[in-house]
Amino acid sequence: MISERLRRLVPYTPGEQPQGREYIKLNTNENPYPPAPEVFAALSGFDPAVLRRYPDPSASRLREAVAAEVGLSRDLVFAGNGSDEVLSFAFFSFFEGGRGPLLLPEFTYSFYPVFCDFYGIPLKRIPLEPDLSFDPRRFVGEPSSCGAAFANPNAPTGIGVARREIELLLERYPRDRVILVDEAYVDFGGESVVGLVESHENLLVVQTFSKSRALAGMRLGFAFGAKPLIAALEAAKDAFNSYPLDAVAQAVGIAAAKASAYYREMNRKVIATRERFSRSARDLGFRVLPSSANFVLASLPARSGRELYSSLKERGILVRHFDIQGIRDFVRVTIGTDAEMDALLAQMRALADDRAP
Ligand SMILES: *Cc1c(COP(=O)(O)O)cnc(C)c1O
């Protein structure tokens, strides 16, 4: 009964969301702090009577609020049910194999290859530098491609690319192919290129409220781009589901968009904790990549990433391990509260001592 099409697919593996045992949960890059007070107010003031009607299919007021935050007009913004959905629509709308493969960094958000598989888009992985940073200029030399996509800061490395580098890429890359920049983590120290969408017709910037606005449970994702790109995403949406954002999500999204001051402060705390944690972990003998995101990639010489992951899990701390050649030695650790990171550091100290001769 199952289609050949589906049987051939390898789905994305989401991070564990344990429902039984209580873990210190540092595996899916959620924010350790609560959403803004404005979000609580929007929820408690929400009138369930409006649920009788379908929501606004194009989420106009939400797009307006999000656009205002980044200084763009509403028709340069698309809203979807989490940025995974926005990415899926974008891959469907802009990338197809006839013009060559989609270019991706070798290690990047592992959902991109799944979308390629789903839509039959050939892909080409472009190697990272020896320090695991990504140089977008490497896209320029490729003889053919139907577009390029990368996360900035990158996942799971956490390493960011400077705005200037992306400008150089835009100058040199064919203007009739979309460059998709996924800024899921940009508020933790990355450099956004959202301001460039007015001057670059082939740039699509994707953002989410899941990480830096502490709303992973609400599913709010956005794309910013020139009008024809946004119109294409609207068409793709209307071919799948006309109402991806329910009325509650739209109301909460508007409140969150307007609470930037609260979130800036909150994310400053996450950044400070990340820097402190990274220093302490290095002092214990761990290798920690420099991160501009709300997670770090860390390894301990002479221990595999899988071992680190399982020993920490036994000790009540969930981190993420990717069984992928090249980053297999690492675990990805989400930055939690200071107390959570101190608990993790205590376990990391024990693991590092264990290893000592
Ligand atoms: C978490 C993440 C997303 C997905 O975010 P949602 O809006 O929760 O779907 C997209 N891209 C990257 C790089 C991510 O890490």
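Here, each number is a calculation from the coordinates, and none is a lab measurement. Everything quoted here is computed from the prediction, not taken from an experiment. All Cβ positions, glycine included, derive from the backbone under ideal geometry; neighbour counts span all protein chains shown.
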Within the range 217-233, the residues that are surrounded by fewer than 17 Cβ atoms within 10 Å (Cβ to Cβ) and touching a residue at least 60 places away in the same chain (Cβ under 8 Å) are Lys227
Residue match in the range 133-145 (condition: touching a residue at least 60 places away in the same chain (Cβ under 8 Å), within 16 Å of the ligand (Cβ to nearest atom) and part of a loop (DSSP other than H, G, I, E, B)): no
Within the range 332-355, take every residue that is part of a helix (DSSP H, G or I) and of a type outside the set (A, V, I, L, M, F, W, C) and give me the one that is surrounded by the most Cβ atoms within 10 Å (Cβ to Cβ). Glu340
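Every residue, every condition in (1) within 14 Å of the ligand (Cβ to nearest atom); (2) touching an Asp or Glu at 6+ places or on another chain (Cβ under 6 Å); (3) closer than 30 Å to Lys227 by Cα, yes or no:
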| residue | (1), (2), (3) |
| --- | --- |
| Pro18 | no, no, no |
| Asn29 | yes, no, no |
| Pro32 | no, no, no |
| Pro48 | no, no, no |
| Val70 | no, no, yes |
Kindly list the number of the only condition in (1) touching a Ser or Thr at 6+ places or on another chain (Cβ under 8 Å); (2) assigned to a loop (DSSP other than H, G, I, E, B) that fails for Glu69. (2)
If we keep just the residues of the range 199-216 that are charged (D, E, K, R) and buried (at least 23 other Cβ atoms within 10 Å of the Cβ), which is nearest to the chain's Cα centre (by Cα)? Lys211
Of the residues that make up the range 162-170, is at least one on the phi < 0 side of the Ramachandran plot, part of a loop (DSSP other than H, G, I, E, B) and away from the ligand (no atom under 11 Å from the Cβ)? yes
Could you check the range 35-59 and list, in sequence order, the residues that are surrounded by 11 or more Cβ atoms within 10 Å (Cβ to Cβ) and part of a loop (DSSP other than H, G, I, E, B)? Pro35, Ala36, Phe46, Pro55, Asp56, Pro57, Ser58, Ala59
Residues that are assigned to a loop (DSSP other than H, G, I, E, B) and within 21 Å of the chain's Cα centre (by Cα), drawn from the range 315-324: Val319, His321, Phe322, Asp323, Ile324
In the list Ala155, Ala79, Ala90, which residue meets the criterion of being within 15 Å of the ligand (Cβ to nearest atom) and either surrounded by fewer than 22 Cβ atoms within 10 Å (Cβ to Cβ) or part of a strand (DSSP E or B) (or both)? Ala79
Where residues in the range 251-281 are of a type outside the set (Lys, Arg) and touching a strand residue (DSSP E or B) at 6+ places or on another chain (Cβ under 8 Å), which of them is nearest to Ile335 (Cα to Cα)? Phe277
Could you grab me the full set of residues in the range 301-331 that are surrounded by fewer than 17 Cβ atoms within 10 Å (Cβ to Cβ), among the basic types (Lys, Arg) and touching an Asp or Glu at 6+ places or on another chain (Cβ under 9 Å)? Arg306
Out of the range 93-130, which residues are assigned to a helix (DSSP H, G or I) and farther than 18 Å from Asn152 by Cα? Ser93, Phe94, Gly97, Gly98, Arg99, Val114, Phe115, Cys116, Asp117, Phe118, Tyr119
